[in-house]
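In what follows, a single structure is set out as structure tokens and then discussed.
The values are calculated or read from the model by the stated rules, or taken from the named source; none is laboratory data. The shown structure was predicted, so the numbers you read here are calculated from the model rather than taken from an experiment. So basically every Cβ, Gly included, is an ideal-geometry build from the backbone, and we count neighbours across all protein chains shown. Calculation scope for accessible area: heavy atoms of the full protein, side chains included, ligands and nucleic acids excluded. Shrake-Rupley method; radii C 1.70, N 1.55, O 1.52, S 1.80 Å.
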Amino acid sequence: MPTDSIPAKVSRTVIASLIATLSYPVFAQVDILPSQQGFSGLIFTPNAQTLATGRGSAQFAQGVPYQNSIAELDSWYVNAGVFPHLEVGSRIVTAEYDSNCFTDGCGIRDLSATAKLQMPYLEEFLGFNLAFGAQDIGGAASNFDAYFVVADTEIDAFNLRLSGGYGKSELSLGVLDGPFAGAEWQPFEFIQLAGEYDAQEFNAAVRLMTPTDMLPYGAQLAAQYQLYSGHENKDQTLWGVSASVPFFGDTFTRQKYSDVKPNTQTQVQSQLAHNEASSLTQLIGKLEQEGFVNISVGSNLDTLVIALENKRYQHNAMDGAGVALGIISAYAGEGVFADLPRGTSKAQKVDLVLLKNKLPMLAINTELQCYRDFLQVGTECSHTAFSTENLTDKLAMTTWLYEVSNDGFGYSEITFAPVMNYAVATEYGFFDYSIGLGTNLYTPLWKGGAIDVRHILPIANSDDYDEGYYARGALENQIDRALLHQAFNLPADMMTQFSLGLIRGDYYGGQNETQWYSAQGMHNLGFEVGYFTASESTDPEARTPLLAHYRLSVAQWNWQMQVQGGEFWGGDQGVKATSSHWLGDTRLDASYLNSEREQFVTFNVSVPLTFWRGMQPQPITVRGTSEWNFSVQTRVGESHNQLNTGLGKTASNYHNLDRQYFDRARLNPNYFEHNPTRLRNAYLRYLDEVIYE
């Protein structure tokens, strides 16, 4: 519609219709939905809301302000609430998907980052929210730069949110370049009307969404369609569809399982009633039945000591620990403790030592009567403590009654996972890929020793990986990894692992990785050094990575910060800083790399691709991967946006210390102390899915 038509009259009609219908009954609160831009909001303007921490959203939309019109462009957008009041995301805008921009022309194909920060506590004291945000952050070629400040307030009686702010942008048509305002009204829980002034013109849209709790796992689907726009649009109607859902494990970590499944309260009481009549043999039998391996049971003075290894719960080591503690609480009563030298004390003290490949990693000390109350009502047990110090000595001082029951020696794990080489939103294509199936055989041998072999089976390539620019990076049918690992616990809370063999399909050599954790696990220092040579003459130079890192883990914020520097796999030297945000078992990483005077920003999402409760360990156990990564990268600090040809890479040993032994850097007292609800949730979920299925 031409801008010189009757936008003012139409906008007044839309606003009048909204006001006139405010007298209808109110059924829902105002949902937070994505805009047509790279942030949550209305149509082209933001509100001062951010996604809840741990929630992710994905949207596909058509219609983008570009080259003096609402252009017929596709917009792909994902965002997440990574901290309370902080929402970040990434957006791709593209005219088409396959053409080579250098030879065929492709219009626009743009990858950018966005962020919005809401000021905390303002609404509580002043009655309104205030947020600051930016779109198209830091890219070398910026097409959608926008910066804004916005305030909003909600009128609960009418389910109406009013917003207004000021923006500075390079967006076409002057969108978000000046003062803007808008209103979102949600008369029913499945419909929302939005109207705005975007600093230049009026726009209106209708939104339809699934009601809260209609879909499983807290998911929501939504659609948006343009009712009116005062901008030239070249026959492009604004519309979009979106989906949002909590990330893997986030709800499970933060919310009590008994609040979701109240019947579990009765189930816990029924199970815990077993403890008075149970024996040590029954306790060991239940632990074996659930698939725990390398089980040893003994005593240290008045404390029952149980060491075991979890190979079944791969999302999070806390799940295995929570299930084990629940079983111990249910099957270790006075009959088990009667022979311990407790004197007149009635306390039932337990030390549960978690093993990884038979190496002690973490001890949980608790008093079972207190812990049973925790399982029943959810009130945290004050007698529960976590430690990683002197675990080898603790085991050495234990008098063992049953030693190594259900030995896990030789219990091989076959892990299936997708393997991908890919490029996102480049001049060669929207998404170029080489996809294969990775089959990884991991066989524990002796204490700390294991064999690790992976085969890659190519499945499909895009055109540019078949014959185009990326052909050299196409996956091959080969064994790309064959390593012998040996890990040791060292004094002063240090751990080291030596790896020898084949990596990256063609490089033979060895690597050492050594790490130190502070007593609580907040501070971590580590280094890795390797020497590898290629079997083919195509790479005559040896690969000699030498890297050191420091990592700060703040479990109460679900956040980690790592700085890594040295010589990377490709021989380039530099520094890489990574901020990691945990949303349950999903980790979002934002990294800045400065290597060989070139700078890159990378966004990565890491998720477990396996069942919460896997197969019971057998001589051959099949499962998915505990960590699968997908990342996008863009160049910053330059006037061009040429592709990164391999800077900042590492040896990429999957079975490294962080993954294989430290549960993705979470197996430490600091993490356990700040997530006690997860221990209880794991046992309640185990009862719900296993005992009472």
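For the reader, a short list of remarks on this structure follows.
- Restricting the GluC sites (Glu not before Pro) of the stretch 194-253 to loop positions (DSSP other than H, G, I, E, B) with no more than 11 neighbouring Cβ atoms within 10 Å leaves nothing.
- Long-range HN-HN contacts of G448 with modeled amide H, under 5 Å: L359
- Checking every one of the chymotrypsin sites (Phe, Trp or Tyr not before Pro) in the stretch 592-692 against DSSP loop status and a limit of 14 other Cβ atoms within 10 Å picks out F611, Y692.
- √(5λ) per eigenvalue of the Cα gyration tensor, the stretch 300-380, largest first, Å: 23, 16, 9
- Projected onto planes of every orientation and averaged, the convex hull of the alpha-carbon atoms in the chain covers 32.7 nm².
- The Rg/Rh ratio for the stretch 537-693 is 1.05, where Rg is the radius of gyration of the alpha carbons and Rh is the Kirkwood radius.
- Per atom type, the stretch 528-625 shows carbon and sulfur on 57% of its accessible surface, probed at 1.4 Å.
- Within the straight-line cut-off of under 21 Å between alpha carbons, the lysines reachable from K649 are K576, sequence neighbours fewer than 8 places apart in one chain being disregarded.
- DSSP bridge pairs, the chain: antiparallel proportion in percent, nearest 5: 95
- Whether the stretch 301-434 is rounded, prolate or oblate, judged on the alpha carbon gyration tensor where a/c under 1.5 counts as rounded: prolate
- Each residue of the stretch 223-379 gets 178 Å³ once the volume of the Cα convex hull is shared out per residue.
- Whole-Å distance, taken between Cα centres, linking the stretch 112-133 and the stretch 663-693: 33
- Scoring 307-316, 119-128, 80-89 by mean Cβ neighbours within 10 Å over their residues and listing the highest first yields 307-316, 80-89, 119-128.
- Per-atom-type breakdown for the stretch 256-348 gives carbon and sulfur 50% of the accessible area (1.4 Å probe, protein chains only).
- For the stretch 388-485, Kirkwood radius (reciprocal of mean inverse C-alpha pair distance, Å): 16.9
- Span-like helix criteria (full DSSP H runs; alpha carbon extent of at least 15 Å along the helix axis; mean Kyte-Doolittle hydropathy of at least 1.0) are satisfied in the chain by 7-20, 317-331.
- Viscosity 1.002 mPa s, 20 °C: Kirkwood-radius Stokes-Einstein D of the stretch 429-510 over Cα pairs, µm²/s: 145
- Taken as Cα centroids, the stretch 503-533 and the stretch 37-55 sit 40 Å apart, rounded to the nearest whole angstrom.
- Long-range Cα-Cα pairs in the stretch 641-690 (distance over 14 Å), rounded percent: 71
- Å² per residue, accessible surface of the chain at 1.4 Å: 42
- Across all directions, the average flat footprint of the convex hull enclosing the Cα atoms of the stretch 139-211 is 6.0 nm².
- Loop-located GluC sites (Glu not before Pro) in the stretch 467-521 (DSSP state other than H, G, I, E, B) with a sparse environment of at most 11 neighbouring Cβ atoms within 10 Å: E467.
- Toward the positive end of the charge dipole of the stretch 446-490, with +1 on the Cβ of Lys and Arg and -1 on the Cβ of Asp and Glu, the farthest Cα among H485, W446, Y469 is that of W446.
- The stretch 180-244: C-alpha gyration tensor shape, a/c 1.5 cut-off, then a/b vs b/c: prolate
- When only the Cβ of Lys, Arg, Asp and Glu is charged (+1, +1, -1, -1), the dipole of the stretch 117-169 relative to its Cα centre reaches about 180 debye.
- Theoretical ellipticity at 222 nm over the chain - DSSP helices of four or more residues, -39500 (n - 2.57) apiece, nearest 500: -4000 deg cm²/dmol
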